[in-house]
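Here is the structure we will look at.
The values are calculated or read from the model by the stated rules, or taken from the named source; none is laboratory data. These numbers come from a predicted model, not from an experiment. A quick note on method: Cβ atoms are made from the backbone with ideal geometry, for glycine too, and the neighbour counts reach across all protein chains shown. Areas reflect the complete protein model, heavy atoms only, side chains present, ligands, DNA and RNA absent. Shrake-Rupley method; radii C 1.70, N 1.55, O 1.52, S 1.80 Å.
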Amino acid sequence: YLIVLYFQNVMGYSPLQAGLRALPLTLTQALIAANAGRLDRMLGARTKMTAGMLLLAAGLFGLAQIQATTSYNAIWPFQVLLGVGMGLVMPAVAAAGMAAVDAEQSGVASGVINASRQVGGALGIAVLGSIAATITRTDWQQQISHLPPATHAKAAQLTALVVGGQGTPIAAAAGRPAELAALAAFVDGARGA
């Protein structure tokens, strides 16, 4: 969620361009997940889950280093790590959950696993979005003090746009220095999340 906002609002990509730039994560995840059974036989569920979680951690750590000026070429390798990690972990978790119940309960287990994934995803976006917004607001308040004094009042009213990473309307309302400070605050929030 946050990386797509970054692609659109900080890097200036259209929604289609941002979606295309998110493909390294999606395609890698699909490719690995499609081979989950073969990998499970070769590696075992525990190894897949451990390796997947380590790759997820490495990918998230890498994305936590981005700046407002980071190029796409510095981002996509971390998306690949995330995709491989998710491709390894998600099928292994589902298989372990299904193996833990009797065959008669497999439908219920499958439903619980899927519902948990959906709730976890929605809750994760909400929590991480709140964290990102809080960090962005705090950083923006600090950034305002570094702007020219004439723009302080205008800049203080733009917090909602800053939280969304909306650089262009901020530039129109308060000038290019405010836009750059706002995008830096937005990226700080995304990195924190």
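Quick notes on this structure:
- Entry comment: accessible area of the chain is 54 Å² per residue, from protein heavy atoms only and a probe of 1.4 Å.
- Ranked by how many other beta carbons lie within 10 Å on average, peptides 110-120, 27-37, 142-152 from highest: 27-37, 142-152, 110-120
- Equivalent-ellipsoid semi-axes of region 101-173, from the Cα gyration tensor, Å, largest first: 46, 11, 6
- All-pairs alpha carbon distance profile, region 44-92, 10 Å steps from 0, percent: 31, 44, 20, 6, 0
- The shape of region 23-104 can be summarised by an equivalent ellipsoid whose semi-axes, obtained from the alpha carbon gyration tensor, come to 29, 12, 10 Å from longest to shortest.
- To put it simply, the accessible area of the chain at a 1.4 Å probe is 66 percent carbon and sulfur.
- When the Cα convex hull of the chain is projected onto planes of every orientation, the mean area is 11.9 nm².
- Calculated [θ] (222 nm, deg cm²/dmol) that DSSP helices of n ≥ 4 give over the chain, each run adding -39,500 (n - 2.57): -24500 deg cm²/dmol
- Using a cutoff of 8 angstrom between alpha carbon atoms and counting only pairs six or more residues apart, the relative contact order for region 1-110 works out to 34 percent.
- Mean separation of Cα contacts under 8 Å, 6 or more apart, over the residue count of region 30-168: relative contact order %: 22
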